[in-house]
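Okay, structure first, notes after.
The values are calculated or read from the model by the stated rules, or taken from the named source; none is laboratory data. A quick note: this is a predicted structure, and the numbers were derived from the prediction, not measured. Heads up, the Cβs are rebuilt from the backbone with ideal geometry, glycines too, and the neighbour counts pull from every protein chain shown. To get the accessible areas, we keep the full protein, side chains included, count just its heavy atoms, and leave off ligands, DNA and RNA. Shrake-Rupley method; radii C 1.70, N 1.55, O 1.52, S 1.80 Å.
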Amino acid sequence: SFEVVGRIQLQFYAGYWNEWYLSFPDQKDGWLGEAQGLYGVNFGTPVLTPVPAFEQMTPGKKVQINNELFEVKDVQAATCIGGEGELPFAIESDYVAPVVDLGSPTTRFATIDYSETPPIVFIGDWCEFDQLEFTNLREVPGW
(Lines give C-alpha, C1' and ligand atoms only; values in the text may rest on other atoms or scores of the structure.)
Protein backbone atom coordinates (compact mmCIF):
# COMPACT_ATOMS: atom_id res chain seq x y z
CA SER A 1 0.00 0.00 0.00
CA PHE A 2 1.02 3.62 -0.46
CA GLU A 3 -0.29 7.15 -0.08
CA VAL A 4 -0.08 9.84 -2.76
CA VAL A 5 1.46 12.86 -1.00
CA GLY A 6 2.62 15.16 -3.82
CA ARG A 7 2.58 15.85 -7.54
CA ILE A 8 4.70 17.52 -10.17
CA GLN A 9 3.54 18.52 -13.63
CA LEU A 10 5.89 18.55 -16.59
CA GLN A 11 5.51 19.91 -20.10
CA PHE A 12 7.17 18.49 -23.20
CA TYR A 13 6.82 18.83 -26.97
CA ALA A 14 3.63 16.73 -27.13
CA GLY A 15 1.82 18.08 -24.07
CA TYR A 16 1.86 17.57 -20.32
CA TRP A 17 2.19 14.76 -17.83
CA ASN A 18 1.87 14.38 -14.07
CA GLU A 19 4.02 12.39 -11.70
CA TRP A 20 2.64 11.65 -8.26
CA TYR A 21 5.00 11.26 -5.31
CA LEU A 22 4.25 8.18 -3.20
CA SER A 23 4.93 7.42 0.45
CA PHE A 24 4.96 3.81 1.65
CA PRO A 25 4.47 2.57 5.24
CA ASP A 26 8.09 1.33 5.40
CA GLN A 27 9.33 4.91 4.80
CA LYS A 28 10.19 4.05 1.18
CA ASP A 29 9.17 6.58 -1.46
CA GLY A 30 8.47 6.28 -5.16
CA TRP A 31 6.69 7.81 -8.12
CA LEU A 32 3.54 7.00 -10.07
CA GLY A 33 3.24 8.10 -13.68
CA GLU A 34 0.73 7.45 -16.46
CA ALA A 35 1.40 6.94 -20.14
CA GLN A 36 -0.86 5.63 -22.88
CA GLY A 37 -3.34 4.07 -20.45
CA LEU A 38 -0.75 2.25 -18.34
CA TYR A 39 0.47 3.26 -14.91
CA GLY A 40 4.08 2.98 -13.83
CA VAL A 41 5.34 2.82 -10.27
CA ASN A 42 9.08 3.36 -9.97
CA PHE A 43 11.74 3.89 -7.35
CA GLY A 44 15.09 5.65 -7.21
CA THR A 45 17.69 2.95 -7.86
CA PRO A 46 21.42 3.02 -7.10
CA VAL A 47 23.38 1.99 -10.19
CA LEU A 48 26.44 -0.25 -10.23
CA THR A 49 28.05 1.44 -13.24
CA PRO A 50 27.54 4.92 -14.73
CA VAL A 51 24.80 5.32 -17.33
CA PRO A 52 25.64 6.73 -20.79
CA ALA A 53 25.67 10.52 -21.20
CA PHE A 54 22.40 12.18 -22.24
CA GLU A 55 23.95 13.16 -25.60
CA GLN A 56 24.67 9.47 -26.33
CA MET A 57 21.06 8.37 -25.85
CA THR A 58 18.99 7.72 -28.97
CA PRO A 59 15.78 5.71 -29.45
CA GLY A 60 16.55 2.04 -29.96
CA LYS A 61 19.87 2.11 -28.06
CA LYS A 62 20.30 -0.79 -25.62
CA VAL A 63 21.32 0.22 -22.11
CA GLN A 64 22.27 -2.09 -19.25
CA ILE A 65 21.33 -0.83 -15.80
CA ASN A 66 22.57 -3.10 -13.05
CA ASN A 67 21.51 -6.58 -14.21
CA GLU A 68 18.67 -5.46 -16.50
CA LEU A 69 18.73 -4.64 -20.21
CA PHE A 70 16.53 -1.80 -21.42
CA GLU A 71 15.92 -0.06 -24.75
CA VAL A 72 15.71 3.71 -25.10
CA LYS A 73 12.16 4.67 -26.08
CA ASP A 74 12.23 8.46 -25.74
CA VAL A 75 14.78 11.24 -25.19
CA GLN A 76 13.54 14.71 -24.31
CA ALA A 77 13.91 17.81 -22.22
CA ALA A 78 10.81 18.34 -20.10
CA THR A 79 10.02 21.54 -18.25
CA CYS A 80 8.61 21.35 -14.74
CA ILE A 81 5.73 23.82 -14.63
CA GLY A 82 4.53 23.21 -11.10
CA GLY A 83 4.18 21.02 -8.06
CA GLU A 84 2.15 20.60 -4.92
CA GLY A 85 2.06 18.63 -1.69
CA GLU A 86 4.99 16.90 -0.01
CA LEU A 87 7.92 16.45 -2.40
CA PRO A 88 11.52 15.32 -1.86
CA PHE A 89 12.86 18.56 -3.36
CA ALA A 90 11.90 22.21 -3.69
CA ILE A 91 9.98 22.96 -6.87
CA GLU A 92 11.35 25.71 -9.04
CA SER A 93 8.95 26.47 -11.85
CA ASP A 94 10.38 26.24 -15.36
CA TYR A 95 13.39 24.08 -14.50
CA VAL A 96 14.34 21.80 -17.38
CA ALA A 97 14.78 18.08 -16.76
CA PRO A 98 16.56 16.17 -19.54
CA VAL A 99 15.03 12.68 -19.27
CA VAL A 100 15.37 9.36 -21.06
CA ASP A 101 12.61 6.74 -20.91
CA LEU A 102 13.57 3.11 -21.38
CA GLY A 103 11.44 -0.01 -21.83
CA SER A 104 11.85 -3.75 -21.84
CA PRO A 105 9.95 -6.73 -23.28
CA THR A 106 8.38 -7.24 -19.82
CA THR A 107 6.54 -4.77 -17.58
CA ARG A 108 9.87 -3.31 -16.40
CA PHE A 109 10.84 0.24 -17.37
CA ALA A 110 13.40 2.84 -16.36
CA THR A 111 13.72 6.60 -16.44
CA ILE A 112 17.02 8.44 -16.25
CA ASP A 113 16.80 12.04 -15.03
CA TYR A 114 19.87 14.02 -16.10
CA SER A 115 18.95 17.18 -14.15
CA GLU A 116 21.49 16.17 -11.49
CA THR A 117 25.08 14.90 -11.59
CA PRO A 118 25.31 11.96 -11.50
CA PRO A 119 21.94 11.28 -13.16
CA ILE A 120 19.14 9.81 -11.07
CA VAL A 121 17.87 6.41 -12.21
CA PHE A 122 14.34 5.16 -11.50
CA ILE A 123 13.25 1.59 -12.24
CA GLY A 124 9.77 0.14 -11.93
CA ASP A 125 6.90 -1.76 -13.49
CA TRP A 126 3.92 -0.86 -15.66
CA CYS A 127 0.47 -2.03 -14.53
CA GLU A 128 -3.22 -1.56 -15.28
CA PHE A 129 -5.26 0.99 -13.28
CA ASP A 130 -7.22 -1.70 -11.40
CA GLN A 131 -3.99 -3.42 -10.28
CA LEU A 132 -3.19 -0.34 -8.17
CA GLU A 133 -6.29 -1.03 -6.03
CA PHE A 134 -6.86 2.65 -5.23
CA THR A 135 -9.16 3.58 -2.35
CA ASN A 136 -10.63 6.94 -1.26
CA LEU A 137 -10.63 8.33 -4.80
CA ARG A 138 -12.57 11.50 -5.46
CA GLU A 139 -15.72 11.11 -7.56
CA VAL A 140 -15.63 13.15 -10.76
CA PRO A 141 -19.14 13.97 -12.05
CA GLY A 142 -19.74 12.72 -15.59
CA TRP A 143 -16.92 10.16 -15.64
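Taking a ≥ b ≥ c as the square roots of the Cα gyration tensor eigenvalues, with a/c under 1.5 meaning rounded and otherwise prolate when a/b beats b/c, else oblate, which class fits segment 59-127? Here segment 59-127 falls in the prolate category. Here K62 is the anchor, and the aspartates and glutamates within straight C-alpha reach of less than 16 Å, apart from those fewer than 8 places off in the same chain, are E71, D74, D101. The 1.4 Å probe gives accessible areas that order Y21, Y39, largest first, as Y39, Y21. Counted by Cβ distance under 15 Å from A90, the other residues give a net charge of -4, where Lys and Arg count +1 and Asp and Glu count -1. The distance linking segment 70-98 with segment 26-66 is 13 Å (Cα centroid to Cα centroid, whole angstrom). When peptides 97-107, 122-132 are sorted by average Cβ neighbour count within 10 Å, with the highest value leading, the order is 97-107, 122-132. Take the Kirkwood radius over Cα pairs of segment 1-45, plug it into Stokes-Einstein at 10 °C and 1.306 mPa s, and you get 140 µm²/s for translational diffusion.
Classify segment 1-77 as rounded, prolate or oblate from the Cα gyration tensor: take a ≥ b ≥ c as the square roots of its eigenvalues, call it rounded if a/c is under 1.5, otherwise prolate when a/b beats b/c and oblate if not. Since a/c reaches 1.5 but b/c is at least a/b, the shape of segment 1-77 is classed as oblate.
Over all Cα atoms in the chain, the spread is summed up by Rg and Dmax: 15.4, 49 Å. Taking a ≥ b ≥ c as the square roots of the eigenvalues of the alpha carbon gyration tensor, segment 36-86 is prolate, as a/c is not under 1.5 and a/b beats b/c.
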